[in-house]
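Student: Take a look at this one; I'll ask things after.
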Amino acid sequence: MKTITKTMKKAVYIFAAWLCLSHAAAQDSTRLTTNFKDIIAAKPDTSYWQRSFSGGVNFNQASFSNWSGGGVNSVAVGGVVAARSLYNKGVISWDNTADLQLGYVSQLGNSRKAADQIILISVLGRKIAPKWDLFVSGTFNTFFAAGYRYDKLPADQTSLKISNFFAPAQLTFAAGLAYKPNNWFALRISPIAPRFTFLADQSVRVRQDAITGLYVYDPTQTAYGVNPGKSSRTEWLAFQLQAALNRNLTENISINARYQLFTEYSNFNNINHRLDLILTAKISRYLNTTFGVIALYNKDFSSSWQIQQTLALGLSYNLSSFRKTKEPVKASDPSLGRF
C-alpha cells in the first residue's frame, strides 16, 4: 500500500510539474493572426506545437414583392472550418486536421441542406530519411445532419431520408510509407488500411423501383455497403493511397487539395476515389471567395460519380501559430491552412 501511495504521489508531482511547465511555456508562446500575406507577429512560439484555424461564414438572400419577372424568396447560409494542429520534434511528427462544412438553403419556408461534411485526420510519423517517413494514421468522415432526396419520389411523399449523422460514417486506419519532398506536398502509401463503415440510422436504406424509377424506403436493401440487419461493415485487407497539396499560388490565392484511393485486395473492381479541392481568393482582410469541389466514386454509395460543387463569397477569419518563414510569403511558400 505504501508503495502504491508513493507511486501515486510521484505521479501527482510529475503532473503538477508538467502543468507548471505548460503554463510557463504558454505564457511565452504567441499567436500569429494571418490572412494570406497579412501577418501580425508577437512573441516567438518556442513550443513544439503549431496550430492554425480558418473559419468562414457565407450568406446569400433574395426577396421579391410584386415583381413582374417572378422569383422566389430565399436565404442561404453556410459555414466552413479548417483547423490544424502539428507537433514536430526531432524525427517525430503528429499532424491533426479537421475539415467541417455545413450549409442550408431556405425557400418558401422549406429548408434544405446544401453542404455537409465532417473529416478528421490524424497522422503520426517518424522520419527515416530526409524526404521519407514511416507513419500510422486515422481518417474519420461522416455528416452533421440528415440528408434527403426530393426528386423521383411517390406522389404522396415530398422527401426521403438517405443519410444522417453516423449514417454512414467511415473510420480508416492506415500504416505505411510517406514521401514528403517539401512543406506543401505529401504522398502516403498504405499497404495496410482496414476500414470500418457504420450505419447508425437504419431508415436511410432505400431502393429505386425498376419499373417506375421512384425511390422508396426498403429495410431489406444494402446501404453504403452495410448489409440488411447490420449496423457496421469491416474491410480488413485493404490498400490506401493519399496525396495532399496545400500552397499559395499567389499572394492572394491559395489551393488546398486532397486525393484518396482505397480498395480491398479482394475487390479491385470497386476502387474508391475521393478528391477534395478548395480554391480561396482573398478580396480583403476579412472577405474572400471560395470555390470547392468534392468528387467521390464508390460503388457502395452510387454506381456513378458523385459531385458536390460550391462557390461562395463571405467573411473569413484565420488564426495561426505556424512559424514564419525567413522569406516573405510568395507563390512558392506553403499555405498556413490545413495539410
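Student: Would a scan of region 274-281 turn up a residue that is over 17 Å from the mean Cα position of the chain (by Cα) and farther than 26 Å from ARG188 by Cα?
Tutor: Yes - at least one qualifying residue is present in region 274-281.
Student: Quickly run through region 165-184 and pick out the residues that are in contact with a strand residue (DSSP E or B) (Cβ under 8 Å, 6 or more places away or on another chain), open to solvent by 20 Å² or more (accessible area, probe 1.4 Å) and not in a strand (DSSP E or B).
Tutor: PHE165, PHE166, LYS180, ASN182, ASN183, TRP184, listed by residue number.
Student: Next up: Does LYS89 meet the test of being farther than 26 Å from LEU160 by Cβ, at pLDDT 95 or above and open to solvent by 70 Å² or more (accessible area, probe 1.4 Å)?
Tutor: Here the answer is no, as LYS89 does not meet what is asked.
Student: Going through LEU245, LEU241, LEU237 one at a time, which residue ends up being modelled with pLDDT of 95 or more, over 18 Å from PRO168 (Cβ atoms) and surrounded by 15 or more Cβ atoms within 10 Å (Cβ to Cβ)?
Tutor: Exactly one residue qualifies, and that residue is LEU241.
Student: Sticking with this one: Could you list, in sequence order, all residues of region 114-134 that are open to solvent by less than 60 Å² (accessible area, probe 1.4 Å) and among the aliphatic types (A, V, I, L, M)?
Tutor: ALA114, ALA115, ILE118, ILE119, ILE121, VAL123, ALA129
Student: Specify which of the listed residues (SER111, SER137) is open to solvent by 30 Å² or more (accessible area, probe 1.4 Å) and hydroxyl-bearing (Ser, Thr, Tyr).
Tutor: Among SER111, SER137, only SER111 is open to solvent by 30 Å² or more (accessible area, probe 1.4 Å) and hydroxyl-bearing (Ser, Thr, Tyr).
Student: Oh, and also: Could you tell me whether ILE162 is touching a helix residue (DSSP H, G or I) at 6+ places or on another chain (Cβ under 7 Å) and either part of a loop (DSSP other than H, G, I, E, B) or at pLDDT 95 or above (or both)?
Tutor: It is true that ILE162 is touching a helix residue (DSSP H, G or I) at 6+ places or on another chain (Cβ under 7 Å) and either part of a loop (DSSP other than H, G, I, E, B) or at pLDDT 95 or above (or both).
Student: Any residue in region 136-151 that is within 30 Å of LEU241 (Cβ to Cβ) sitting within a Cβ distance under 8 Å of a residue that is basic (Lys, Arg)? List the pairs, counting only those 6 or more apart or interchain.
Tutor: Matching pairs, first to second residue: SER137/ARG188; GLY147/LYS113; GLY147/LYS161.
Student: Further question on the same structure: So, in region 62-77, exactly how many residues are among the small types (Gly, Ala, Ser) and either part of a strand (DSSP E or B) or within 37 Å of the chain's Cα centre (by Cα) (or both)?
Tutor: 5
Student: Checking ARG274 against (1) over 20 Å from ASP95 (Cα atoms); (2) surrounded by fewer than 17 Cβ atoms within 10 Å (Cβ to Cβ), which test does it fail?
Tutor: In the conditions (1) over 20 Å from ASP95 (Cα atoms); (2) surrounded by fewer than 17 Cβ atoms within 10 Å (Cβ to Cβ), ARG274 misses (2) alone.
Student: Would you point out the residue of region 191-218, among those that are among the basic types (Lys, Arg) and in a strand (DSSP E or B), that is most open to solvent (accessible area, probe 1.4 Å)?
Tutor: Top of the filtered list is ARG207.
Student: Can you tell me which condition ILE162 does not meet? The list is (1) surrounded by 16 or more Cβ atoms within 10 Å (Cβ to Cβ); (2) at positive phi, and all the others hold.
Tutor: (2)
Student: Please indicate, with yes or no, whether at least one residue in region 231-242 is hydroxyl-bearing (Ser, Thr, Tyr) and within 19 Å of the chain's Cα centre (by Cα).
Tutor: no
Student: Considering region 144-156 alone, what residues qualify as being part of a loop (DSSP other than H, G, I, E, B) and open to solvent by 60 Å² or more (accessible area, probe 1.4 Å)?
Tutor: PHE144, TYR150, ASP151, LYS152, ALA155, ASP156
Student: Residues in region 260-269: is at least one open to solvent by less than 20 Å² (accessible area, probe 1.4 Å), under 21 Å from LEU120 (Cβ atoms), among the β-branched types (Val, Ile, Thr) and in contact (Cβ under 8 Å) with a residue 12 or more places away in the chain?
Tutor: The answer is no, given that none of the residues of region 260-269 is open to solvent by less than 20 Å² (accessible area, probe 1.4 Å), under 21 Å from LEU120 (Cβ atoms), among the β-branched types (Val, Ile, Thr) and in contact (Cβ under 8 Å) with a residue 12 or more places away in the chain.
Student: Going by the conditions given, is LEU187 open to solvent by less than 60 Å² (accessible area, probe 1.4 Å), aliphatic (A, V, I, L, M), in a strand (DSSP E or B) and closer than 27 Å to SER254 by Cα?
Tutor: It is true that LEU187 is open to solvent by less than 60 Å² (accessible area, probe 1.4 Å), aliphatic (A, V, I, L, M), in a strand (DSSP E or B) and closer than 27 Å to SER254 by Cα.
Student: Run down ALA129, ALA82 and say which single residue is on the phi < 0 side of the Ramachandran plot and free of Cβ contacts under 8 Å to residues at least 12 places away in the same chain.
Tutor: ALA129
Student: Among the residues in region 314-322, are any touching a residue at least 60 places away in the same chain (Cβ under 8 Å), in a strand (DSSP E or B) and surrounded by fewer than 16 Cβ atoms within 10 Å (Cβ to Cβ)?
Tutor: Taking every residue of region 314-322 in turn, at least one turns out to be touching a residue at least 60 places away in the same chain (Cβ under 8 Å), in a strand (DSSP E or B) and surrounded by fewer than 16 Cβ atoms within 10 Å (Cβ to Cβ).
The values are calculated or read from the model by the stated rules, or taken from the named source; none is laboratory data. The shown structure was predicted, so the numbers you read here are calculated from the model rather than taken from an experiment. All Cβ positions, glycine included, derive from the backbone under ideal geometry; neighbour counts span all protein chains shown. Please note that ligands, DNA and RNA were not included when accessible areas were found on the heavy atoms of the full protein model with its side chains. Shrake-Rupley method; radii C 1.70, N 1.55, O 1.52, S 1.80 Å.
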